[in-house]
Amino acid sequence: MAPILKIAHMANSPVDFFLAVCIGFFFGLVLESGGLANCRKIAGVFYLYDVTVVKVMFSAILTAMLLLYATSSLGVLDISLLYIPDTFIISYILAGIILGIGMVMGGY
Amino acid sequence: MKQYTNPYIAGIALGFVLFASFLLCGKGLGGSASLARLSAYLFHLVAPNHVNSSEYFGHYFAHGKNPLNFWLVYMGIGTLLGGLYSTFIHGRSKVEVNKGPGISVKGRLIYALAGGILVGFASRLGLGCTSGQGLAGSAMLSLGSWVFLFAVFFGGYATAYFVKDGWL
């Protein structure tokens with residue numbers, strides 16, 4: 001059953017931290033391979049000269065979403081144990097707008 | 001310099017990484033928390049009382065905790081290493097200031113600093129950045145994350161015209 005570490009009560013253990021480094025490694029590898037470490041590609045989204053970031057992001061969201069749905073339907077993954085950020089609509093709208101402004105300025 | 005991976009392939013691979021993170025650890029991906037914690041740690045070295053009394057950053061240090069001993073900080077280290085490794089294997093590693101054709105290096109750095117300050121503030125206000133909210137929250141179909149994600153696009157498109165000298 002998954003999520004494995006939560007069920008094994010090993011959240012925030014050294015194993016958790018080690019896995020975080022490994023997952024981060026692949027996260028960085030995939031982001032850079034796809035061009036998301038390139039600020040001109042990030043900015044490209046907002047001028048529509050390069051929409052790589054949108055393609056990568058939404059394929060990733062869709063893939064992860066389908067995998068989460070499939071595994072939880074099969075009873076492999078207990079989705080209620082997964083972290084979901086709390087819903088603060090007004091803060092998120094403000095934060096999103098400010099982040100978008102910063103993103104197009106800085107290219108992050 | 002090698003071409004970037006096809007964006008759909010990269011996206012599917014990223015989806016698998018995100019899914020693996022949920023499956024193994026029960027948590028998604030994050031980018032901004034490691035930087036927030038690193039800055040809090042550095043500020044704490046200089047002005048500990050000020051940081052401790054801060055409503056937001058104080059709890060990083062509550063009961064003598066080390067703010068850097070947190071899974072997203074470890075993930076941040078991994079992300080840096082993974083990105084660096086990718087530039088090596090793809091022949092893309094070089095020192096440069098990447099910028100649009102019409103802007104000076106100094107101008108680009110000023111824009112980057114201003115943008116970075118906004119992104120840093122917004123990522124704390126929104127409990128995450130495009131990784132934690134945009135990717136992980138959205139894949140969980142969290143309403144707040146989708147609101148956040150569309151607000152990011154709105155903010156970016158609304159501002160793009162005014163900072164176009166930086167990129168076009």
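Could we say that B:Y56 is closer than 23 Å to B:T130 by Cβ and at pLDDT below 95 here? Yes.
Each row is one residue, and each column tells you yes or no for (1) out of contact with any Asp or Glu (no Cβ under 8 Å at 6 or more places or on another chain); (2) of a type outside the set (S, T, N, Q).
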| position | (1), (2) |
| --- | --- |
| A:S13 | yes, no |
| A:L19 | yes, yes |
| A:L29 | yes, yes |
| A:S33 | yes, no |
| A:R40 | no, yes |
| A:Y49 | yes, yes |
| A:A60 | yes, yes |
| A:S72 | no, no |
| A:I89 | yes, yes |
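Inclusion of B:F88 among residues that are more than 8 Å from chain A (Cβ to nearest Cβ), assigned to a helix (DSSP H, G or I) and not aliphatic (A, V, I, L, M) is warranted.
The values are calculated or read from the model by the stated rules, or taken from the named source; none is laboratory data. In this text, all values refer to a predicted model and were calculated from it rather than measured experimentally. All Cβ positions, glycine included, derive from the backbone under ideal geometry; neighbour counts span all protein chains shown.
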